[in-house]
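The values are calculated or read from the model by the stated rules, or taken from the named source; none is laboratory data. Because the structure is a prediction, the values reported are computed rather than measured. FYI the Cβ positions are ideal-geometry reconstructions off the backbone, even for glycines, and counts take in every protein chain you see. With ligands, DNA and RNA removed, areas are computed over all heavy atoms of the protein, side chains included. Shrake-Rupley method; radii C 1.70, N 1.55, O 1.52, S 1.80 Å.
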Amino acid sequence: MSQYTEDDALVARLRDGDNEAFRQLITRYNQKLTFVARAIIGDVFAEDVVQESWASIYRAIHRFEGRSSLATWMTQIVSNEAKSRLRKEKRHTSVADIEGLEQSSTDSRFDDRGHWQAPPGRWELSTPDRMLEEDQLRHCIEHTLTVLPDNQKAVFMLRDLEQAPLSDIASSLGLSEANVRVLLHRARVKLMEVIDHYQETGEC
């Protein structure tokens, strides 16, 4: 069953008053929505924003019309809640610093829109040793994601893992599409550097 179909089924159950479906929805999306909140308002208020957003999602689920994906709809709710909280706290937090984008030897992997110039090669996983290496590399990548700046992490998660359109990400995070591309580019370059280093040394 596809992610979209699973989400659609959860919405139907929620509309029937199934609280277990809501718990499943929280388990599936809480971390990703927290990334979005952190990208807008920072760590201090992110969890409060997400909790308030879940309450709003629960109350508004009957109004979800499916014009966008459920993930995009929920992300917009979190974004609105975070921006509202930001105004309330009278904080002026920058959500992105796009000045001085550093060039890297891996920059040539992507074009100016953040797309691959050429797809990366596939790893050969036919042996147990290769499968172990992939598992170790996965841990390296997961660690790298935890230490990326929140705005880069949020953009990467929404674009490369959730396949959200750039326009939706820009709207949710209050950025221009150009800024989103820069943040996505930075995150991808960092991850490719980790992969290259691992393949050369066997270490993170």
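From the list Leu145, Leu158, Leu191, Leu183, the lone residue that is assigned to a helix (DSSP H, G or I), surrounded by 14 or more Cβ atoms within 10 Å (Cβ to Cβ) and in contact with a Pro (Cβ under 9 Å, 6 or more places away or on another chain) is Leu183. Residue check: Leu175 meets all listed conditions (1) within 17 Å of the chain's Cα centre (by Cα); (2) open to solvent by 60 Å² or more (accessible area, probe 1.4 Å) but one, namely (2). Residue-level analysis places Ala21 among those that are of a type in the set (A, V, I, L, M, F, W, C), in contact with a Leu (Cβ under 6 Å, 6 or more places away or on another chain), assigned to a helix (DSSP H, G or I) and farther than 16 Å from Ser79 by Cβ. Scanning segment 1-49 for residues being open to solvent by less than 50 Å² (accessible area, probe 1.4 Å) and closer than 21 Å to Val180 by Cβ gives a total of 12.
Among the residues of segment 56-80, those identified as part of a helix (DSSP H, G or I) and open to solvent by 40 Å² or more (accessible area, probe 1.4 Å) are Tyr58, Arg59, His62, Arg63, Trp73, Gln76, Asn80.
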